[in-house]
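Worksheet: the structure to be examined is printed underneath.
The values are calculated or read from the model by the stated rules, or taken from the named source; none is laboratory data. These figures come from a predicted structure and were not determined experimentally. With ideal geometry, Cβ positions are generated from the backbone for all residues, glycine too; neighbour counts draw on all protein chains shown.
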Amino acid sequence: MVKNPLTIGPEMPTLEVMRLMRERRVSCLPVLEGDKLIGVITEADLIEVSSKLLESYLRDVQP
């Protein structure tokens, strides 16, 4: 456990979350609203979202 972990707020854009996780080399981030933990976002969450977006994009550009 880390005493003061890197955290994000629920309003942070997905691309910014991905950039932050890459730069800081972390696999998950606690999501805080004020001082209250409201969730955790993980690499697996972002991979799922990315894959769905890529599949949708590829389906739309196929002839």
- [ ] Name the one entry in VAL26, VAL31, VAL40, VAL2 that is of a type in the set (A, V, I, L, M, F, W, C), outside any helix (DSSP H, G or I) and loosely packed, with under 10 Cβ neighbours inside 10 Å.
- [x] VAL2
Open item on the list: Any residue in region 15-32 that is under 14 Å from LEU46 (Cβ atoms) and at pLDDT 95 or above sitting within a Cβ distance under 9 Å of a residue that is β-branched (Val, Ile, Thr) and in a helix (DSSP H, G or I)? List the pairs, counting only those 6 or more apart or interchain.
Closed with: LEU29/VAL17
- [ ] Those residues that are polar (S, T, N, Q) and assigned to a helix (DSSP H, G or I), I need them from region 5-18; list them, please.
- [x] THR14
Open item on the list: Of everything in region 1-57, what is of a type in the set (A, V, I, L, M, F, W, C) and over 11 Å from the mean Cα position of the chain (by Cα)? Give them in sequence order.
Closed with: MET1, VAL2, LEU6, LEU32, LEU37, ILE38, LEU53, LEU54
- [ ] Give region 35-45 a look and list any residue that's out of contact with any strand residue (DSSP E or B) (no Cβ under 8 Å at 6 or more places or on another chain) and at pLDDT 95 or above, or say none.
- [x] LYS36, ALA44, ASP45
Open item on the list: Against the conditions (1) surrounded by fewer than 12 Cβ atoms within 10 Å (Cβ to Cβ); (2) in contact with an Asp or Glu (Cβ under 8 Å, 6 or more places away or on another chain); (3) in a helix (DSSP H, G or I), where does MET21 fall short? Just the number, please.
Closed with: (1)
